[in-house]
1. Could you tell me the center-to-center distance, by alpha carbons, between the stretch 28-60 and the stretch 68-102 in angstrom?
2. Just to check I understand the Karplus step: with θ = phi - 60° and J = 6.51 cos²θ - 1.76 cosθ + 1.60, what whole-Hz values come out for the stretch 104-111, glycine and proline as x?
3. Amide H to amide H under 5 Å from VAL81: which residues, 5+ apart in sequence or cross-chain, H placed 1.01 Å off N in plane?
Amino acid sequence: MCQLLSRCYSSDANGTDSANRGATSRGIIMPLGSRAGLQEAFATLAFWLLTAGFFVCGFHVTFIGLHLPAYIPDKAVGMSVLGRPASAFELAGWAIGLVGLFNLAGSLIWGWLGSRYPKKERRRPWPSRSKSMG
């Protein structure tokens with residue numbers, strides 16, 4: 001995927017984007033129209049990596065939210081929640097509720113950590129996070 005995205009990125013020998021070469025060499029900041037802004041975005045590797053990241057994140061969250069509640073009633077037989085018997089549909093509701101609760105808690109915790117620690121220290125937990133999900 002990285003090779004595919006790197007083909008979309010065009011830069012000259014100095015590492016500057018070919019779309020911005022003329023204006024930035026003169027130190028001029030020019031406002032872009034919609035078409036020029038999209039062309040500039042499509043020509044940068046950062047845009048494509050960010051788009052791929054948002055796609056993967058949105059895809060797996062939607063996949064869990066859509067298929068988990070239907071999967072649990074199909075497979076759950078004789079389950080209980082907090083020590084009391086629960087129907088398969090109630091168990092599915094609890095499961096999707098817990099996913100939402102932990103999404104909220106994780107967002108709040110990572111937001112707080114982001115305001116408290118420098119960016120270099122925040123990057124350390126990400127490899128362990130991806131290992132725990134895989």
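None of the figures in this text is laboratory data; all of them are computed from the coordinates on show. Remember, predicted model here, so these are calculated numbers, not experimental data.
1. Here the answer is 39 Å between Cα centres.
2. So the Karplus estimates, Gly and Pro as x, are 5, 4, x, 5, 5, 5, 5, x Hz.
3. HN-HN under 5 Å from VAL81: ALA86.
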